[in-house]
1. Suppose all protein chains stay in the model; what accessible area per residue would a 1.4 Å probe give for the chain, in Å²?
2. Just to compare against my own numbers: the Cα pair-distance distribution for the chain, 20 Å bins, whole % per bin, please.
3. Check the straight Cα-Cα distances from Lys308 and name the aspartates and glutamates below 14 Å, setting aside those fewer than 8 residues away within the same chain.
4. Are there cysteines in the chain with no other Cys C-beta under 4.7 Å, and if so, which?
5. At a 1.4 Å probe radius, carbon and sulfur cover how many percent of the accessible area of the range 22-318?
6. With just the Cα atoms defining each centre, how far is the range 137-206 from the range 232-267? Give it in Å.
7. Filter Lys33/Lys91; Lys33/Lys101; Lys139/Lys313 down to the pairs with a C-alpha to C-alpha distance above 25 Å, please.
8. Which ³J(HN,Hα) values in Hz, rounded to whole numbers, follow from the phi angles of the range 173-189 under the Karplus curve 6.51 cos²θ - 1.76 cosθ + 1.60, where θ = phi - 60° and Gly and Pro get x?
Amino acid sequence: FFFLLLQMTKGIEIENHTAVTEFFFSAFPDLEKGGLLFFILLLLIYGFIITGNLMIFIVIQLDVALHTPMYFFISVLSFLEIWYTTTTIPKMLTNLISLQKTISIAGCLLQMYFFHSLGISEGCLLTAMAIDRYVAICKPLHYPTIVTPRLCAQLTAGSCLCGFLLVLPEIVWISTLPFCGPNQIHQIFCDFTPVLHLACTDTSLIVIVDAIHAAEILGSFLVIALSYIRIILVILRIPSAEGRHKAFSTCAAHIAVFLLFFGSVALMYLRFSATYSVFWDTAIAITFVVLAPFLNPIIYSLRNKDMKEAIKKFLCSQK
């Protein structure tokens, strides 16, 4: 629907200016100014992200010992991470070695839609994972009857449904806006605020968009934070040191991913009227577009004994 609306806006003359049909990314260095070095580094990171998350997903599917709600959610998170990074990093790689560094309006809208849809889906899934750990530690006797495979499937489907539906109205609205002036995006990917600043019309509704984003982020953050605070209080009351260590080890990875994901997202989308320099905007964007997905496979594999054993078993069987 929004692509039909987009086509209607193309070719329109707005205030005697020709409508813009593509955007230019100004944050990428030229090839002779370090672009090739960044390309090689980013390519290696992207390869690790895809390989690591794919390994986690396959191992969890094949190892019967990992067929538990916690690992089910981890496998879904890894699957989402693969597509989440694929919406932005391949285009970033192209921009690093290309002279054009451009993207069509349709491509920009697609990138925004899938990037934010998958990001919101991940945030909702992290909320479901926090609830799972809360029930497992705070109500262990009722855990098998509460967190059933059906509930896990429902929470996963609900997370994806929320992600792909919540962003759609904003994309439809942006697709109807005329773009006729500057076409430079001062960011490493298409995002709401940089694109809206290029529109040749009143975009005061951006305040409402910011409020919606803030409500989504804060809602998930509060649910997860309260769950883990309650979990930590319960763990601290466990009499034996071994019991405390075992209980905390099952949540440490989740807490690390939670802080990394929501910390970078909060810096990017809870700024309201605050403005950063192009350097800090780019640095924050790299944190949750590249760094967080890069660290997730490390956190979930190297800090998890069961996962490490399952990966070793899988690699040995392949040999």
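1. Value for the chain: 50 Å² per residue.
2. 29, 53, 17, 1
3. Candidates past the 8-residue exclusion: Asp63.
4. For the chain, the answer is Cys124, Cys138, Cys152, Cys160, Cys162, Cys251, Cys316, because their Cβ atoms have no other cysteine Cβ under 4.7 Å.
5. Carbon with sulfur: 72 percent of the solvent-accessible area.
6. Each part's Cα centre sits 27 Å from the other's.
7. Beyond 25 Å between Cα atoms: Lys139/Lys313.
8. 5, 5, 5, 8, 7, x, 10, 9, x, x, 10, 8, 9, 8, 7, 8, 7
The values are calculated or read from the model by the stated rules, or taken from the named source; none is laboratory data. All figures in this text were calculated on a predicted structure; none of them were measured in a lab. Because the Cβ atoms are built from the backbone with ideal geometry, glycine has one as well, and the counts that use them run over all protein chains shown. Accessible surface is based on the protein model in full, side chains and every heavy atom, while ligands, DNA and RNA are left aside. Shrake-Rupley method; radii C 1.70, N 1.55, O 1.52, S 1.80 Å.
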